[in-house]
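J.: Before I ask anything, here is the structure I am working with.
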Amino acid sequence: MALAIELSGVTKRFPGVVANDKVDLAVETGEIHAICGENGAGKSTLMKILFGMQNPDEGTVRVHGEEVQFSSPADAIGRGIGMVHQHFMLADQLNVLENVILGAEPLASFGRIDFKAAKKHLRKVGEAYGLDVDPHDLVESLEVGERQRVEIIKVLYRGAKILILDEPTAVLVPHEVDELFRNMRELKAAGETILFIDHKLDEVLEIADTITVLRQGRTVATVKPTAVSSGDLAEMMVGAELPTPQTSRSTVTTEVALSISGLTVLDEDNRRVVDDVDLEVRRGEIVGLAGVEGNGQTELVGAIIGTQPTASGSIRLLNVEIADQTVRKRRNAGVGYIPQDRQQEGLLLFAPLWENAALGHQTKPPFANGRWFDRFGARERTEAIRGWFDVRTPDIEVTANALSGGNQQKLIVGRELTAKPKVLIAAHPTRGIDVGAQAAVWDDIRAARAEGMGTLLISADLEELIGLSDTIVVIHKGKLTATVDPASITARQLGSYMTGTDQDLPQPTHAGKTADNRNREDSTARDNG
Amino acid sequence: MAEHDTGESHRSQAKSIVGASPLSQVLLAAAAPLGAFLFSLIASAIVLIAAGGNPLEAVADMLTHASKLEVQVSMINRATPLYISGVAAAIGFKMNLFNIGVEGQYRMAAIFAAYVGGAVVLPSVLHIGLIVLAAMVIGGLWGGLAGLLYTHRGVNEVIGTIMLNGVALGVIAWLVRRWQAEGAITEVGVGTEPIADSGLLPNLNFIPELFGDLRANEELTGVLVIAIIVGIAYYLLLNRTVFGYDLRASGLNPFAARAGGVPPRKMALTAMLLSGSVAGLVGLAEIFDKGRYDPNFVGFLGFNGIAVALLGRNNPVGIAVGALLWAFLDATSDILQVTQTAPKEIIDIMRGIILLTVVIGYEVVRRVRERTEAARTAARLAEATP
Ligand SMILES: Nc1ncnc2c1ncn2[C@@H]1O[C@H](COP(=O)(O)OP(=O)(O)OP(=O)(O)O)[C@@H](O)[C@H]1O
Ligand SMILES: [Mg+2]
């Protein structure tokens, strides 16, 4: 079969690292080709080279048999290559149509933008690939799955025949993943070639036609999904067997770490995006918050952290009311925070790692010495985080944007856990982290739990939610609609609760494993009935 | 086996990458503004030739002129307020605020400070201290006002400060007449009451006098000391304090900073207050020199300060380089007028070109730096992997 893409001997060096080391890659036309590898293995870099965002230091790139040298993404787009990035690149304040045509606006006379033609073209593209979006929706108001569809359409709109998707499923809940895979199969049927990166190996095995594994910047294998198991893949990625995660036993105490009652948050239109929520997290307990994104999780988290004004309700941290305190007071009192979007709320991309490690903890040792910022202490702590959480970087002086996505995430997780919070608000803590490191992060969270940390866990990864939580509460349209026991629920059942289609399901257990020692505060369960 | 070696050597050798040869680092850092300067020389030489002038002669004039001690003193005198103004702008930039209002802030500060200084006679230290304090307070208030408009009324800081610049000019025009020294029109011209000698900061003539004799009226401004203190304080505040960390974090990523406990509004307001109070110091050199505020008070220091801050990338040493470069151009533009080897507008052309090219220069330097570091890594790895 004809090769859509052929890379040979591609090498890319950054200060202190060789991101790609003589990589060979062959992608056939019309296939779905997965790239797997640890965090920092060089996957994104390779894709950026293919998309003209980075110049390779050595090696050749062939597209449909012809050697090319891209100096910018525009060249790549000209060759029919499109890319959806690991970190979305949409303008929140523009609507879908404007985002799609941004940089490729069809012009009418006098240099005006021809919105009519654009809309027509957009509709045609959408229909051809079975992707549907409303062109007038504000991007800000879209759920992640929809945003991603917009990103994909944006690429198709420019006539891409080769699609690069960098970790497209990281932010999606299972049914959105199903939807994406359905879209991908349709794209493939329409003759598109798809290259994608994914850390969830089961997903890779499900959708890929061919899998290429990278390790430390080199191609180690190209295999067919029928010939390997996810265990094999993981082993190829890390070059060793995966660590088996600790088996967990309950460490839930009777002491309440975080107690929320009657919490209501209104949006600009006075709708109740968080609606009279009661929730309790005990010391040593992990409470999973399940829900389709956009059901009030963001606002609930914001209210706890203090970045989101609340309409009413109380938030108590170890029995101290914090609802009226500043963000800084709350964080200093022991609220740790892993934000859902690491680049937006978690990092200073253009500051060195040791300054990033201080963010949110900058007023306390080891980062501060009174009013003075302690550079020595900050560097020392950062080195510790780097070692313990295996943040792959040549140096802690590099800026955060030089880290691979998963390593940025590990830095944030490390920053929060080493600060020993009383309560950790963890939104998608392992988003973008590879399988090996994921198991390690889970172990770290469990270890902190054993020391008494209470955790509110939000995750699109339902396996993670079920595997890690002591109790799971379901949020739907701003209300907590169910409390379920993770020990007796499958991901599929949980998915049904999340979408609010739980009529035909067995009654949820109102209590988790720890029902006996609970004074039923969270009796709001199923107050939608 | 090579794979594992490589993995290890990434890390073990990383240390030395950043610490590589401090001298070459400094040279690289200075390369952008100096390169831009050279480029502007060449470009304006072409313009000169096209206009029928002789660029070599003009450059020779500029250089001989600049080699004179009194010209060097005057360069430093000009650079001093520019530097303070650059720092004031840089404080805003660090917080992602474009404080165009340094202009209005320093002028308001200057007239009030001169008025206060002229109204009292105190022991020297107190008198000078009072003038400096008044300048900072008024500058801070004027900057803080723009800050308040921004944080509490949502008025964009650019619009707010431009507007306040206009207001300041109006207020000053009125105040100058109101505070005009009695019967002074004959002797000293219109202006505020002259400040008694006790309120005038002593000059630093002893420094240039180490190198030669100064002409009778030449003085090296004492505000140079204040400028140096401002520079050091700026560096320490920004890089060594928690407050500076908060400020920079807010400027780099306001959302992340907020989640990290930095209140965005309070930060913006504080930054404007701070920027304004530093701006207030810009007019001091002139006040201490003239002993009063008059309608001919030096203008455009605020706008030039923005240019200088851009040139120096908000870095305390970089701003100093920028201020000196600007002052050099200023000082030598005078001589071109005298020798007639080139129209003095050529200096404005050069400034424009410098500002445009320095941006490119910094980008080139960044890439060169990255490339050499990557190459160095590759070489090391090649050594380490047999
Ligand atoms: N702009 C950059 N500057 C310096 N180093 C970089 C830059 N981009 C990537 N790197 C380095 O190159 C290596 C590969 O990074 P890359 O982003 O390709 O990893 P990845 O395989 O996509 O990992 P992840 O799964 O975590 O996203 C990493 O060690 C990273 O630190
Ligand atoms: Mg990546």
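J.: Return the lysines within reach of A:LYS420: Cα separation strictly under 27 angstrom, same-chain partners fewer than 8 residues apart disregarded; answer none if there are no such residues.
T.: Answer for A:LYS420, where 27 Å is the Cα cut-off: A:LYS329, A:LYS364, A:LYS410, A:LYS513, listed by chain and number.
J.: If you place +1 on the Cβ of every Lys and Arg and -1 on the Cβ of every Asp and Glu, how big does the dipole about the Cα centre of the protein assembly as shown come out, in debye to the nearest 20?
T.: Numbers: 83 positive and 104 negative charges, 268 e Å.
For the protein assembly as shown, the charge dipole is close to 1280 debye.
J.: Suppose we keep just the DSSP beta bridges with both residues in region A:3-238; what percent of those would be antiparallel, to 5?
T.: On the way: 23 of 41 bridges.
Antiparallel bridges make up about 55 percent of those DSSP assigns within region A:3-238.
J.: Follow-up question, since we're still on this one. Relative contact order for region A:3-238: what percent, with Cα pairs under 8 Å and sequence separation of 6 or more?
T.: Details: 454 pairs, mean separation 66.0, N = 236.
After rounding, I find 28 percent.
J.: Now for a separate question. Can you give the Kirkwood hydrodynamic radius of region B:234-284 from its Cα pairs, in Å with one decimal?
T.: On the way: mean 1/r = 0.0874 Å⁻¹.
One over the average 1/r among Cα pairs gives 11.4 Å for region B:234-284.
J.: Set Lys and Arg Cβ to +1 and Asp and Glu Cβ to -1, take the dipole of chain A about its Cα centre, and tell me which of A:ILE322, A:PRO366, A:HIS476 lies farthest positive.
T.: A:PRO366
J.: Antiparallel versus total DSSP beta bridges in the protein assembly as shown: what percent is that, nearest 5?
T.: Details: 47 of 82 bridges.
Here the antiparallel bridges make up roughly 55 percent for the protein assembly as shown.
J.: Also, I was wondering about something else. Can you give me the Cα centroid spacing of region B:217-291 and region A:129-171 in angstrom?
T.: 44
J.: Then there's this: Give the Kirkwood hydrodynamic radius (Å, one decimal) of chain A, defined as one over the mean of 1/r across all pairs of different Cα atoms. Don't skip to the answer; put the middle values down first.
T.: On the way: mean 1/r = 0.0411 Å⁻¹.
The answer is 24.3 Å.
J.: Now, a different point. Nearest 0.05, what FRET efficiency do A:ARG182 and A:HIS136 give at R0 = 25 Å with Cβ-Cβ as r? Working shown, then result.
T.: On the way: r = 25 Å, r/R0 = 0.98.
The pair A:ARG182/A:HIS136 has a calculated efficiency of 0.55.
J.: Still on this model: How large is the dipole of chain B about the Cα centre if only Lys and Arg carry +1 and Asp and Glu carry -1, each at its Cβ, rounded to the nearest 20 debye? Provide the component values of the computation, followed by the final result.
T.: Values: 26 positive and 28 negative charges, 278 e Å.
Once rounded to the nearest 20, the dipole reads 1340 debye.
J.: Per 5 Å bin, what percent of the C-alpha pairs of region A:3-238 does each bin hold, from zero upward?
T.: Taking every Cα pair in region A:3-238, the percentages come to 1, 7, 14, 18, 19, 16, 12, 7, 4, 1, 0, 0.
J.: Further, regarding this structure: Taking the Cα centre of region A:343-420 as origin and charging only Cβ (+1 Lys, Arg; -1 Asp, Glu), how large is the dipole, in debye to the nearest 20?
T.: Details: 10 positive and 9 negative charges, 39 e Å.
Value, rounded to 20: 180 debye.
J.: Which listed residue (B:LEU281, B:GLY139, B:ASN96) has the Cα farthest towards the positive end of the charge dipole for chain B, taking +1 on Lys and Arg C-beta and -1 on Asp and Glu C-beta about the Cα centre?
T.: B:ASN96
J.: If I model a spin label at A:LEU102 and A:ARG375 as a point 7 Å from the Cα along the Cα→Cβ vector, what separation in nanometres do I get?
T.: 3.6
J.: Still on this model: I'd like the per residue volume of the convex hull spanned by the Cα atoms of region B:182-266, given in cubic angstrom. If you can, show how the numbers build up before the last one.
T.: Numbers: hull volume 17.2 nm³, N = 85.
Given the Cα convex hull of region B:182-266, per-residue volume reads 202 Å³.
J.: So what's the convex hull volume per residue for the Cα atoms of the protein assembly as shown, in Å³? Display every interim value, and only then the final one.
T.: Working: hull volume 192.2 nm³, N = 915.
Here the figure is 210 Å³ per residue.
J.: Additional query: On a 0 to 90 degree scale, rounded to 10, what angle separates helix B:22-50 from the longest Cα axis of chain B?
T.: Helix B:22-50 sits roughly 60 degrees off the main axis of chain B.
J.: Any chance you could check the Cα centroid distance between region A:1-71 and region B:151-174 for me, in angstrom?
T.: For region A:1-71 versus region B:151-174, the Cα centre distance is 53 Å.
J.: For the pair A:ALA117 and B:VAL171, how long in nm is the line joining their label points, each one 7 Å along Cα→Cβ?
T.: 5.3
J.: May I pose another question? For chain B, take the convex hull of the Cα atoms, compute a quarter of its surface area, and give me that in nm², please. Intermediate results must be reported in sequence, preceding the final value.
T.: Numbers: hull surface 100.3 nm².
Approximately 25.1 nm², given one-decimal rounding.
J.: Turning to a different aspect of this structure: What share of the DSSP beta bridges in region A:113-230 is antiparallel, in percent to the nearest 5?
T.: Numbers: 5 of 10 bridges.
Among the beta bridges of region A:113-230, antiparallel pairing accounts for roughly 50 percent.
J.: Here's a follow-up. Calculate the FRET efficiency for B:VAL368 and A:SER488 from the Cβ-Cβ distance with a Förster distance of 51 Å, rounded to the nearest 0.05.
T.: Values: r = 61 Å, r/R0 = 1.20.
That pair, B:VAL368 with A:SER488, gives E of 0.25.
J.: Could I ask something else about it? Taking chain B as the reference, fit the longest principal axis to its C-alpha atoms, fit the long axis of helix B:223-240 to the helix C-alpha atoms, and give the angle between the two in degrees, 0 to 90, nearest 10.
T.: That helix lies at roughly 40 degrees to the long axis.
J.: Given the Cα atoms of region A:126-267, and with Rh set as the inverse mean 1/r over their pairs in the Kirkwood sense, what is Rg to Rh to two decimals? Display every interim value, and only then the final one.
T.: Values: Rg = 20.1 Å, Rh = 18.5 Å.
Over the Cα atoms of region A:126-267, Rg/Rh equals 1.09.
J.: Also, quick follow-up: Could you calculate the contour length gain from A:LYS420 to A:ALA227, that is, 0.36 nm times the residue separation minus the distance between their Cα atoms, to one decimal place in nm?
T.: The A:LYS420-A:ALA227 span can extend by a further 65.1 nm.
J.: Any idea which of A:MET184, A:HIS136, A:PRO73 is furthest toward the positive side of the dipole for chain A, if Lys and Arg beta-carbons carry +1 and Asp and Glu beta-carbons -1?
T.: Farthest towards the positive end: A:PRO73.
J.: Which values, in whole Å and largest first, are the semi-axes of the equivalent ellipsoid of region B:190-231 obtained as the square root of 5 times each eigenvalue of the Cα gyration tensor?
T.: Values: eigenvalues 100, 56, 14 Å².
Semi-axes (√(5λ), whole Å): 22, 17, 8.
J.: For region A:378-447 and region B:103-150, write down the distance between their C-alpha centroids in whole Å.
T.: Cα centroid of region A:378-447 versus Cα centroid of region B:103-150: 49 Å apart.
J.: Let me ask you something else. In region A:1-37, which residues have a backbone nitrogen under 12 Å from the label point lying 7 Å from A:GLU67's Cα in the Cα-to-Cβ direction?
T.: Answer for this model: A:8.
J.: Grab region A:3-238 and count how many Lys pairs have their alpha-carbon atoms under 19 Å apart, sequence gap of 8 or more, or different chains.
T.: Final tally of qualifying lysine pairs is 20.
J.: Determine one quarter of the surface area of the Cα convex hull of region A:343-420, which equals its mean projected area, and express it in nm² to one decimal. Please list the in-between numbers first.
T.: Values: hull surface 18.2 nm².
With the hull built on Cα positions only, its mean projection is 4.5 nm².
J.: I would also like to ask the following. Simple spin-label model, 7 Å along Cα-to-Cβ: B:ASN315 to A:GLN93 in nm?
T.: Those two pseudo-labels are separated by 3.2 nm.
J.: Related question: Jot down the radius of gyration and Dmax of region A:356-487, Cα atoms only, both in angstrom.
T.: 16.2, 48
No lab work stands behind these numbers, since they all come straight from the coordinates. This structure is a prediction, so every number in the text was calculated from the model and none was measured. Counting neighbours? That spans all protein chains shown, and the Cβs are built from the backbone with ideal geometry, glycine included.
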